[in-house]
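First the structure, which I've put down as structure tokens, then a few questions once you've had a look.
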Amino acid sequence: MTAQTTLVLGANTVITQERCTVEFTTSDSLRFGQQLGLLWLPLNEQRKAVCSPAYLHESKDWAKLDNRDTPREWQLDLPNLFDVQGVSFLQLIAYTYQEPTLNLPAVELHKVSLTLNGGAIHYDFLASERHVKAAIVFEIYKRNGQFKCRALGESSTQGLASLEQRVQVSLDIRPPDTHALIQEAQQQQRGSPNSDTRTPRQVQAGETWTGTAFAIDEYHLLTCYHVIESAAMIGVRQQGQPDREAQVVLSDIGSDSAIIRVSDPLPCHLPLAQQCSDILGETITTLGFPLSGLSSQLQVTQGCISGLTGLSDDIRYMQFTAPIQPGSSGSPLLLPTGEVIGMVTASLVHEHAQNMNYAVKFQLLSALLASAGISLDSAAHGSNATTAPLTTPQLSKQSRGALWLVGCQG
């Protein structure tokens, strides 16, 4: 029996069979060919694309995919690719398809396992951060007449699009079945009939992730359910303030909302809108902590309310156009008066659908607070709201003290 070589990140070894097989599996809930994609990208010595990649949905003569079995098996003809077509490197990229729910963990890349030549070489790629959408996990190259492979782990939260300019080739980022993905997004947005009994999100011990929360009185903050789901520890942070540990008071998976509480008084809080009508087209501003791995600074974006319902006319949500990113979940949507009209929850990303971002309506947030016994009296929410419209800089200055970066650990 051939001994197995197990690679760790950065390690390399010799491939003894020039026409090799590669099997791949994942422990994620993601499904190959439906949410999770793989491609082989041939590069020259300058690491620019030599020819078009091989995808799960598009095999090549040098990379043929056997779809009959699970795990799936790729057959690579390395001499054909390297010696005939002048390739210097062949990289394997794992990625999530352009997904409907950008801020939800179901479309993050966590783990991909590779086995070469029936078990001779094995490598487990594990994402080292949250919100990973694409990763270069493996590389084959030729040195001194021998084919070798190297275990890689370069990841991106921006997906395949972030690689296109670097390798100078257009990559096919479209999911193979857009309709199925949109249906799944609709089910998640609605809180499916079985949502209350679904399996909780699985996280590894010590795993960390972030989101946004905003204070609504001296001790309570609102954020999204999916931000705090499965967290063993929750903390909130703001520049110039001491870090605070938070506890979940009440959460609602159906509206993707949660109330968390801190023990020390918060310096500033935001008022929820009490009643609003004819808000279609109204200007809104969002404040949050997107992509906190890149920057922990509060970021401000602006847009308008573009729809009064969510996917499938779900009345719990509204649609807005302000740009958001992973980590924006839990950000408030502010009217020019400083009132919170909604809370950022998800985004639909598709080549034919731009700026389809969704927020929980203030009515549901008010109902959640009432269920927790938290007073909705405007006097209890401070005096941040004003009847006169504010400019975006004024609104940001007035509200930023109520915004907190949420850090969770599994």
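The values are calculated or read from the model by the stated rules, or taken from the named source; none is laboratory data. Since the structure is predicted, the reported quantities are computational estimates derived from the model, not experimental observations. No Cβ is skipped: glycine too gets one built from the backbone with ideal geometry, and neighbour counts run over all protein chains shown. SASA here: full protein model, heavy atoms, side chains in, ligands and nucleic acids out. Shrake-Rupley method; radii C 1.70, N 1.55, O 1.52, S 1.80 Å.
Residue check, Val236 against (1) surrounded by 22 or more Cβ atoms within 10 Å (Cβ to Cβ); (2) without any contact (Cβ under 8 Å) to a residue 60 or more places away in the chain; (3) in contact with a Lys or Arg (Cβ under 6 Å, 6 or more places away or on another chain), all met but one. Which one?
(2)
Residue check: is Gln394 surrounded by fewer than 22 Cβ atoms within 10 Å (Cβ to Cβ), under 25 Å from the mean Cα position of the chain (by Cα) and either modelled with pLDDT under 90 or outside any strand (DSSP E or B) (or both)? Lay out the reasoning, then the answer.
Working: surrounded by fewer than 22 Cβ atoms within 10 Å (Cβ to Cβ): yes; under 25 Å from the mean Cα position of the chain (by Cα): no; either modelled with pLDDT under 90 or outside any strand (DSSP E or B) (or both): yes.
The answer is no for Gln394.
Say we look at region 371-387 and pick out the residues that are more than 22 Å from Pro336 (Cβ to Cβ) and open to solvent by less than 60 Å² (accessible area, probe 1.4 Å); which of these is modelled with the lowest pLDDT?
Filtering region 371-387 down to residues more than 22 Å from Pro336 (Cβ to Cβ) leaves 371-375, 377, 380.
Next, from what is left, pick out any that are open to solvent by less than 60 Å² (accessible area, probe 1.4 Å): 372, 374, 380.
Numbers: Ala372: 87, Ile374: 88, Ala380: 39.
Of everything passing the filter in region 371-387, Ala380 is modelled with the lowest pLDDT.
Scan region 328-335 and tell me whether some residue there is more than 19 Å from Leu311 (Cβ to Cβ), within 29 Å of the chain's Cα centre (by Cα), open to solvent by less than 40 Å² (accessible area, probe 1.4 Å) and modelled with pLDDT under 85.
Keep residues of region 328-335 that are more than 19 Å from Leu311 (Cβ to Cβ), which gives 330-332, 334-335.
Cutting the leftovers down to within 29 Å of the chain's Cα centre (by Cα) gives us 330-332, 334-335.
Filter once more, so that each one left must be open to solvent by less than 40 Å² (accessible area, probe 1.4 Å): 330-332, 334-335.
Adding the requirement that they be modelled with pLDDT under 85 leaves none.
Scanning region 328-335 turns up no residue that is more than 19 Å from Leu311 (Cβ to Cβ), within 29 Å of the chain's Cα centre (by Cα), open to solvent by less than 40 Å² (accessible area, probe 1.4 Å) and modelled with pLDDT under 85.
Do the conditions hold for Ala402, that is, is it surrounded by 15 or more Cβ atoms within 10 Å (Cβ to Cβ), in contact with a Gly (Cβ under 7 Å, 6 or more places away or on another chain) and modelled with pLDDT of 90 or more? Steps first, please.
Details: surrounded by 15 or more Cβ atoms within 10 Å (Cβ to Cβ): yes; in contact with a Gly (Cβ under 7 Å, 6 or more places away or on another chain): no; modelled with pLDDT of 90 or more: yes.
Judged against the criteria, Ala402 is not a match.
Being acidic (Asp, Glu) and assigned to a strand (DSSP E or B) is the filter here, so list the residues in region 123-157 that pass it.
From region 123-157, those acidic (Asp, Glu) are 124, 129, 139, 154; that's our starting set.
The answer is Asp124, Glu139, Glu154.
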